[in-house]
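Enquirer: Here you go, one structure.
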Amino acid sequence: MRGFTGNIEDRIAIRERIEAYSDAVFRRDADDWAECWAEDAVWQVGESRAEGRAAIRELWLQLMSGFEMAGMYVTHAAVAIDTDVADARSYLLELLRGVDGSERVVSGRYDDRLRRDVDGDWRFVSRSYSVLQVR
């Protein structure tokens, strides 16, 4: 997948979904974050995997419990839309402060599949996160 295909309105809506996800991370808002996901979604982050919105939310709460602060800055790399399904790739820089006071910077990549729901909203069906570098 390279570049951006599909109509501009859907591309903007997908971009906004990815940005809403990042915003919810910054705000530590589990409900807003969970709303980014389809009910039947799958999240793969490192060795952890969760299926279904409720399980994904619980995994996120577990992972976030180790951080006092998590900031996520996103760059959109590609979106390919086929009617009501889209694939997207984005890169991110995470600024993390652990509950123990440790700090680290992580760069990573998300490979996503999104689906338009019955209300016309784009939600993640799957997200796979790969760490590229840790400092």
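Enquirer: Using the Karplus curve 6.51 cos²θ - 1.76 cosθ + 1.60 with θ = phi - 60°, what ³J(HN,Hα) values do you get for each residue of the range 92-103, in whole Hz, with x for Gly and Pro?
Expert: With the stated coefficients, the range 92-103 comes to 9, 10, 10, 9, 10, 10, x, 5, 8, x, 5, 10 Hz.
Enquirer: Most mobile of 15, 113, 97 per a Gaussian network model of the chain (Cα springs, under 10 Å)?
Expert: Maximum among the listed residues: 97.
Enquirer: On average, how much accessible surface per residue is there in the chain, in Å², for a 1.4 Å probe, leaving out ligands, DNA and RNA?
Expert: 55 Å²
Enquirer: Just grab the label-to-label distance for residue 58 and residue 133, each label 7 Å out from Cα along the Cβ direction, in nm (one decimal).
Expert: Placing both labels 7 Å along Cα→Cβ, they lie 3.7 nm apart.
Enquirer: Could you look at the chain and say what percent of its accessible area is carbon and sulfur, using a 1.4 Å probe and all protein chains?
Expert: Heavy-atom surface of the chain belonging to carbon and sulfur, 1.4 Å probe: 48 percent.
Enquirer: Hey, got the Cα dimensions of the chain along the principal axes, in Å, largest first?
Expert: The Cα atoms of the chain stretch 46, 29, 25 Å along their principal axes.
Enquirer: Considering the options 44, 92, 60, tell which one lies farthest towards the positive end of the dipole of the range 2-110, charges being +1 on Lys and Arg and -1 on Asp and Glu at the Cβ, about the Cα centre.
Expert: Farthest towards the positive end: 92.
The values are calculated or read from the model by the stated rules, or taken from the named source; none is laboratory data. Keep in mind the model is a prediction, meaning the values are calculated, not measured. Every residue, glycine among them, receives a Cβ derived from its backbone with ideal geometry; neighbour counts consider all protein chains shown. Protein only, heavy atoms only, side chains kept; ligands, DNA and RNA dropped before computing areas. Shrake-Rupley method; radii C 1.70, N 1.55, O 1.52, S 1.80 Å.
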